[in-house]
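Each remark here refers to the structure printed beneath this line.
The values are calculated or read from the model by the stated rules, or taken from the named source; none is laboratory data. Fair warning: this is a prediction, and the values are worked out from it, not measured in the lab. Cβ sites come from the backbone with ideal geometry, for glycine too, and all protein chains shown count toward neighbours.
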Amino acid sequence: MSKASILVVDDDPLIVSSLSELLRHEGHEVRTAPCGLDALKALRSDPAELVVSDVNMPDIDGLQLLREIKAQSPETEVVLITGYGTIENAVQAMSQGAYHYVTKPIIDQEIKLLIGRALEQRRLRDENEYLKRELNIKFSFDKIIARDNKMREIFQIIDQIANTRATVLINGESGTGKTLIARAIHHNSDRSHKRLVEVNCGALPENLLESELFGHTRGSFTGAIKDKTGKFQLADKGTIFLDEIANASSALQVKLLRVIQDKEFERIGNHDTVKVDARIILATNSDLWQEVEKGSFREDLYYRIKVVTIDLPPLRERVADVMNLAEFFLDKYCRENSRNLTGFHDETVQILKEYSWPGNVRQLENAVERAVVLARPGSEVVTPGDLPPELLEEPTILIPDLSNGKVLPLKEALMEPEKRIIESALRANKWNRQKTAAMLQVNRTTLFNKMKKYGLLSE
């Protein structure tokens with residue numbers, strides 16, 4: 001029988017006492033309430049997986065309690081205790097969401113069997129819901145938009161390592177898509193039928209992160225009111241993804257090193273060793289070797305997690321992907337917001353391609369969503385005016401033009417050096433635009449527009 005949190009509700013103290021003792025003996029965490037109102041109050045502060053309640057109670061009866069529970073927490077299973085005269089009502093209650101009923105006098109084996117079935121039904125339902133969510137976010141390579149050669153090389157690496165047990169470290173700036181890569185590794189592996197558990201190590205306080213990862217026992221620290229299963233245990237036979245791993249404390253790094261090396265750990269407040277088989281993927285936007293040199297990250301852990309390293313390029317180095325991503329986000333947010341935009345104005349395209357995108361793909365997505373929402377009624381394309389202001393701002397720094405003593409805006413002052421660099425690269429490549437664009441790491445459209453701007457097309 002699955003172990004669970006159960007609330008027993010009855011105004012008869014003898015029934016409450018005997019039923020609680022029976023269920024605790026089965027390993028369940030049991031709370032009690034003498035009436036329906038107290039039960040609802042208890043469930044609001046700490047939900048239960050299953051409620052066993054009498055039908056006849058003084059304040060609100062078991063049927064009304066059932067309705068309140070299902071309105072408040074639909075996933076909670078309810079088993080009703082009924083006398084002979086209320087069986088008809090209990091059967092009717094099943095149509096309102098009760099799992100089943102048990103008649104008085106209560107027979108131990110009967111109630112244990114019924115509760116076991118109720119908990120198993122809940123477990124199966126939760127598992128089905130999880131699988132549905134997983135299918136909705138299932139990632140394969142064609143779900144990651146990328147034409148850039150660097151990204152294609154990353155796909156090849158994923159294909160090679162997906163079915164191995166190798167630990168993977170994903171490096172990349174914030175917003176580059178590290179989570180998508182972790183999901184792609186899991187969903188293209190032979191572990192894809194099991195869970196992918198994601199943990200952001202930077203989103204939790206240090207004192208809670210260890211509990212989140214490894215679990216704890218009831219009473220092991222202030223606030224530990226019940227046993228908690230850790231994320232590593234949930235990821236058994238599947239994959240665990242630890243994002244922002246550089247934020248892990250020194251003490252936590254020791255436990256991580258052990259679970260990576262030996263596949264075992266202990267929960268907080270419990271000395272029993274838990275064995276786990278979880279594929280571990282980690283990610284960081286920091287330079288971990290610098291953290292090692294500063295003494296904030298363990299060198300032995302660094303080498304343990306650096307088995308396979310995937311370096312995600314920032315969006316500014318993936319110019320070929322900018323418009324593909326922008327068009328994907330345009331279609332997505334037009335559908336979500338009932339807009340009919342069909343594309344981007346040519347000037348908008350140029351701005352999107354030439355912007356440096358310090359926030360990477362996440363910033364691009366937000367910019368396109370904003371443009372869709374704020375586009376003028378009747379507009380068919382995204383215009384520059386629909387974009388966030390930071391994409392349109394001109395540099396305001398002024399530098400001296402030493403040749404004639406004039407002060408020029410930075411953009412204008414940089415035009416002549418840029419022209420000379422482009423012209424030199426063109427000559428080195430015998431005016432082959434494709435080779436020149438590759439040398440300068442820009443796309444051919446950008447190169448063509450700059451050649452036109454500087455009068456180099458006639459050459």
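So here's what we get for this one:
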item	result
The range 359-390: number of residues that are surrounded by fewer than 16 Cβ atoms within 10 Å (Cβ to Cβ) and on the phi > 0 side of the Ramachandran plot	1
Selected residue (only one of 335, 339, 362 is outside the structural domain of residue 448 (by TED's automatic domain parsing), under 15 Å from residue 375 (Cα atoms) and part of a helix (DSSP H, G or I))	335
Residues of the range 203-227 that turn out to be touching a strand residue (DSSP E or B) at 6+ places or on another chain (Cβ under 6 Å), buried (at least 18 other Cβ atoms within 10 Å of the Cβ) and either at negative phi or free of Cβ contacts under 8 Å to residues at least 40 places away in the same chain (or both), as a count	3
Flag for residue 200 being out of contact with any helix residue (DSSP H, G or I) (no Cβ under 6 Å at 6 or more places or on another chain), crowded, with 18+ Cβ neighbours inside 10 Å and of a type outside the set (Lys, Arg)	no
Lone qualifier among 37, 7, 50, 22 - being within 15 Å of residue 97 (Cα to Cα) and either modelled with pLDDT of 90 or more or of a type in the set (A, V, I, L, M, F, W, C) (or both)	50
Residue list for the range 99-117, filter: within 20 Å of residue 65 (Cα to Cα) and in a loop (DSSP other than H, G, I, E, B)	99, 104
Residue among 19, 37, 65 that alone is over 33 Å from the mean Cα position of the chain (by Cα), over 20 Å from residue 119 (Cα atoms) and not in a loop (DSSP other than H, G, I, E, B)	37
Qualifying position, being under 30 Å from residue 375 (Cβ atoms) and in a helix (DSSP H, G or I), among 326, 251	326
Search result, residues across the range 411-446 that are within 19 Å of residue 148 (Cβ to Cβ) and either among the hydroxyl-bearing types (Ser, Thr, Tyr) or not in a helix (DSSP H, G or I) (or both)	436, 441, 442, 443, 445, 446
Residue match in the range 204-226 (condition: assigned to a loop (DSSP other than H, G, I, E, B), in contact with a Leu (Cβ under 8 Å, 6 or more places away or on another chain) and closer than 26 Å to residue 172 by Cβ)	no
